[in-house]
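Encoded as structure tokens, the structure appears first; notes follow it.
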Amino acid sequence: MRKRQITKNIYWMGAVDWDRRLFDSLIPLPDGTSYNAYLVQRSEKTVLIDAVDPDMTEVLIAQLKEVSRVDYVISQHAEQDHSGSIPHVLARYPEAKVVTNAKAKAMLVDLLHIAEDKFITIVDGESLSLGDKTLKFIFTPWVHWPETFVTYLEEDRILFSCDFFGSHIASGDLFVTDPGRVHEAAKRYFAEIMMPFRTVIEKNIDKLAPYDIQMIAPSHGQMYDRPAWIIEAYRDWVTNSPHNLVTFPFVSMHGSTRRMVDYLTAALTERQVRVELFNLPVTDIGKLAMSLVDAGTIVIGTPTVLTGPHPMAAYCAFLANALRPKARYLSVVGSYGWGGKAVEALAGMIPNLKVEVLEPILCKGVPARDDFAALDRLADTIAKKHAESNFQM
């Protein structure tokens, strides 16, 4: 794809990766992704903001074929899907300097072996004149690495937001044309990448509040020419108020745990608590992460395997611990044949979660009348806790 004009002398560059289905050998990409770079040509200086994944270097270099001069390459984030092709850009424009902060400079030297004399180091709030236009650098640490920052083109009121507000979507559309689809992709992106840092992200959203942002140009996904809705979505995702929602991942080997899961789901629904079920052997982990963004309570369903939780339930607990959702409550339901410590093992896997652990329910073999009564009591407790906490409906 060729470079595309956003407005006068400002261009989208980069590559659309229609085929990629896994990011960092970890994150599912059902809709592919894009690697967005941006070219700003002004009266005195020409700037390339970020670059592309190394696998797409040839696409970027082809787009630069008719660009005679690049004075600066602004590197907002050192991760290779943003920075990996910068050495090739510098080889084409040997006079260009890499503009970044001190933390990113150290990372780029380590990751890409860029010579230290190629850098101009900036500080938070610093501006760079391009002649008739001005770029301002706003540090946004932990969105989602410690060195990340965004760049604001003051006269055009464009925020080049790096990973902030991004979404993994491969599309031929330059701007958002289907807000529903992009909202889901952006929420998935937030859940999988940003959620562990939601408290500092909330501060960074506040940091951007004084700026008149008329357009957001992220490093992944489509651009926002009406950006208010994605900013408000982020505010909801980072807020400390969960929703009236139970996220319920589970795995069942011989049906006993599944009976408990189905009964508790029905009991919660009858008590006006929304439930989202995730059968772990067939679950899209991204969908589970999205549910965790809103969950007020997490319930894990697991059978016992060799005295401990099923490995998929253990992985789920590990994932929740890493993502640090804002859920307030957690419980475990499941079954065992002859004994074990599934609950104790799962509890030890979630030290990062600031949750109240509600009494777990484990049955021996197939659940009986007393087990179903216990599940009703758990449903009562969860409904009461959600009501008392005034969770969002």
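Just so it is clear, none of the values below were taken in a lab; they were calculated from the coordinates. Keep in mind that what you see is a predicted model, and the values were worked out from it rather than measured. Every residue, glycine among them, receives a Cβ derived from its backbone with ideal geometry; neighbour counts consider all protein chains shown.
Build a GNM of the chain with springs between Cα atoms under 10 Å apart, and of MET194, MET253, MET349 the one that fluctuates most is MET253.
How much net charge surrounds ILE6 when only other residues with a Cβ under 15 Å from its Cβ are counted (Lys, Arg +1; Asp, Glu -1)?
Details: positive: ARG2, LYS3, ARG4, LYS8, ARG42, LYS133, ARG157, ARG226; negative: ASP50, GLU155, ASP156, ASP173, ASP225.
With Lys, Arg at +1 and Asp, Glu at -1, the net is +3.
Computed from label points 7 Å out along Cα-Cβ, the spacing between VAL357 and ARG377 is 1.8 nm. Computed log10 I(q)/I(0) for the chain at 0.08, 0.15 Å⁻¹: -0.49, -1.20, from the Debye equation with unit scatterers placed on every C-alpha and solvent omitted.
Simple spin-label estimate for SER127 and THR199 gives 3.5 nm between the two label positions (7 Å along the Cα-to-Cβ direction from each Cα). Separation of region 108-163 and region 3-59 by C-alpha centroid, Å? When both Cα centres are located, 16 Å separates them.
Residues whose amide H lies under 5 Å from that of VAL275, counting only those 5 or more places away or on a different chain, are VAL246; hydrogens are built 1.01 Å from N in the peptide plane.
When only the Cβ of Lys, Arg, Asp and Glu is charged (+1, +1, -1, -1), the dipole of the chain relative to its Cα centre reaches about 480 debye.
Under the Kirkwood approximation applied to all pairs of distinct alpha-carbon atoms, what is the hydrodynamic radius of region 7-139 in Å? Provide the component values of the computation, followed by the final result.
Working: mean 1/r = 0.0653 Å⁻¹.
In region 7-139 this quantity evaluates to 15.3 Å.
Given an 8 Å cut-off on Cα distances and at least 6 residues of separation, report the relative contact order of region 158-287 as a percent. Walk me through the numbers on the way to the answer.
Numbers: 142 pairs, mean separation 37.0, N = 130.
Computed over region 158-287, the figure is 28 percent.
Considering the chain as a Gaussian network with a 10 Å cut-off on Cα pairs, which listed residue, GLU154, GLU270, GLU58, attains the greatest mean-square fluctuation? Fluctuation is largest for GLU270. Across the chain, Cα pairs under 8 Å and at least six residues apart give a relative contact order of 11 percent. Dipole orientation for region 135-276: of the candidates THR269, HIS254, PRO227, HIS254 has the Cα lying most toward the positive pole (charges on Cβ; Lys, Arg +1; Asp, Glu -1). For region 242-306, a Kirkwood radius taken over Cα pairs fed into Stokes-Einstein (4 °C, viscosity 1.567 mPa s) yields D = 107 µm²/s.
Within region 246-393, antiparallel bridges make up roughly 10 percent of the DSSP beta bridges whose residues both belong there.
Based on Cα contacts under 8 Å between residues 6+ apart, region 130-198 shows a relative contact order of 25 percent.
Residues of region 25-50 with backbone nitrogen within less than 13 Å of a virtual label 7 Å along the Cα-to-Cβ line of TYR315, please, listed as ranges. Answer for region 25-50: 26-28. The local environment of ASN36, defined by Cβ-Cβ distances under 12 Å, has a net charge of -3 under the rule Lys, Arg +1 and Asp, Glu -1.
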